[in-house]
1. At 1.4 Å probe size, with the rest of the protein present, what percent of the exposed accessible area of the stretch 378-492 is carbon and sulfur atoms?
2. Taking θ = phi - 60°, what integer Hz values does the Karplus form 6.51 cos²θ - 1.76 cosθ + 1.60 yield along the stretch 369-380, in sequence order, with x for Gly and Pro?
3. Fully extended, how many nm does the chain gain between residue 275 and residue 532 (0.36 nm per residue separation, minus their Cα-Cα distance)?
4. What whole number of Å gives the distance from the Cα centroid of the stretch 384-420 to the Cα centroid of the stretch 467-491?
5. Taking the highest mean first, how do the peptides 76-83, 508-515, 134-141 order by number of other beta carbon atoms within 10 angstrom per residue?
6. Roughly what would the spin-label model give for residue 316 and residue 101, points 7 Å off Cα along C-beta, in nm?
7. Taking a temperature of 4 °C and a viscosity of 1.567 mPa s, what whole-number D in µm²/s does Stokes-Einstein yield for the stretch 231-390 with Rh from Kirkwood over alpha carbon pairs?
8. Using a Förster distance of 30 Å, how high is the FRET efficiency between residue 226 and residue 514, based on the Cβ-Cβ distance and rounded to 0.05?
Amino acid sequence: MCAFVGIKPCGISAAARSAAGSRGFRRVFIRLRSSLRMKLSAGATAVLAMILCLVAAGCTGTTEEAAAVNENGTASTEELVAFVEQAYEFAGVHGKEAAIREFNDPDGKFVRGDLYIFAYDYAGTTLALPHQPEIVGTDRLDLRDANGVPFIREMIAATKNASGFVRYHYPNPAADFAIEPKLSYVMRVDDTWWLGSGIYGEEAKSSSPQVEAEMHAKQEIVRFVEDAAAYARENGREEALAGFMDRNGPFVMREVYIYALDFNGTCLALPYQPDLVGTSMLDLQDTYGVNVTRVEIDLAEQGGGFIFYHYPNPANNLTVEPKMSYVRKVDDTYWIGAGIYLSDLTGNGLALRNEMQALLAGIETGTKEALTALDANVSDAARHFTAAGMEGEGTDGVLTYLAASTPAAVDAVTIGPDGRILAAMPEEYQGSIGAYISEQAHIVRVLEDGEPAMSGVFTMVEGFDAATIAWPVTAPSDEVLGAVSLAFRPALLLDAVIAPATNGTGAVVTVIQTDGRVLYDPDPGEIGKMTFDDPIYADYPDLQTVARRVAAEPAGAGGYEFLATGSTEPVRKEIIWGTVSLHGTEWRIVVTEEAAS
């Protein structure tokens, strides 16, 4: 007998137990290890052992029973959703005609307490309404409740996105058809019809994790899955599945990850449980009797949709919790999905990534604006020298103004057409006058091609890192007469943008060149290091792998292990990155969040 909170009691024959035991033992692990570093307590281990016993006893078998409700006859939001999903599965298995016949039976499987299934086509024609059979066949498209809510139209709109919740007022058959607040959950069955059910009273008026997820998390998870599907279509099945299995890749964000199955229920990708790849998950059933994989397959075949179900959360001592997944078809051979636990809608991996993305976007904008302002100042100086000449009385004044235009500036110089420094300010840098710098790649570009350029970072004789922005000075005939250049310290320029943006966030931002050199880090000791070559990184191959991805790809996401900030202990870190460029020189801006200890 099943004896676990939230697990549906079930029975099975001895022969079936023998046949199902070895298969079920492996299936139970789906999504149990959603945290890479999860360490189970003794209590959690005992819970897991109980689940294993349940699976071996056959509790993953399919069912056609409607979801149970509370003893008092009222249902919770969780039970409502499970009830609708079971009806959805029933319709998929038995077909539209048999399903509508069953849904219209007031003594059938899908009338339970205050729960019953209603069904409509997309013209608003009633297909099933067991407590009001006289309405079946009528057009209710424009029906409104007592508050003027066109709830049939709103339900149709919700099902256009596969599923959704709708609030309105409706007669409660369990209360002599008194008008009461109602919360319904509806699902699209196919392009011709949809079904749903609702709950009344206080439960209908109150909030719930499912409703909150509907409001706040759907867009996040859809975007995550759709991005993965686009990646799969662009790169092919083999490369996509390998990417989905990479725990350090962009498709794993803490407890949120992409999983993939074929339409027979065979697991193709499950990054935290690679031992399950190649096994069947077709008979996976949650604690409310929802046949999870079968419903997901139906949803994927219909173009994609959401499933709510209950499953032990490894991030919370294996407590059985409500979870929401979105699935969609990639091609005719397989589908993908991702899910979040509803216990933490604001702190899950996707929410964290969105926060990181917002932070990254702000820093990218601020950095681009700072570089653009420097570039404009150098360009203005070049225009001045084009008009007034490069060796007039005002040269030092222009260079002094340019060198004072930003706290990050080091010096400003003019350069002759042969690459010799003609003038420099401030005065302490005038020792460079007469030096030839024509071999520097960015100076070659300016003098030979007549195009502005930003250099890579180099170490100045004073011992700090600097970069330069240079513009050509031209004659009216477009002949290049020389150049003007501003040297600045990237670390200072970046700190002015990054420090206020990250204050109080817990995020760490690093900026590197495409050769792996660190331009900025909140730890000054990291600045100037080469992430590909420095010995400190040698023992962290995941970091080096991700660093090479950062260097090669303008934007992305991933993860790796490295020392915790201010510690000698390694910790898992999640990253996203983007690019800011000026005159073809690119800086990668990397936002990092450490896992909670």
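1. Looking at the stretch 378-492 in its full context, I get 52 percent from C and S.
2. Once θ is set to phi - 60°, the couplings for the stretch 369-380 become 5, 5, 5, 5, 5, 4, 4, 5, 5, 5, 4, 4 Hz.
3. 89.3 nm
4. Going from one Cα centre to the other spans 9 Å.
5. Highest mean packing first, the order is 76-83, 508-515, 134-141.
6. If labels sit at residue 316 and residue 101, their model points lie 4.2 nm apart.
7. Here the translational diffusion coefficient equals 70 µm²/s.
8. Working: r = 29 Å, r/R0 = 0.96.
That gives a FRET efficiency of 0.55.
The values are calculated or read from the model by the stated rules, or taken from the named source; none is laboratory data. Values in this document were obtained by computation on a predicted structure and should not be read as measured data. Counting neighbours? That spans all protein chains shown, and the Cβs are built from the backbone with ideal geometry, glycine included. Just the protein is used for accessible areas: all its heavy atoms, side chains included, with ligands, DNA and RNA removed. Shrake-Rupley method; radii C 1.70, N 1.55, O 1.52, S 1.80 Å.
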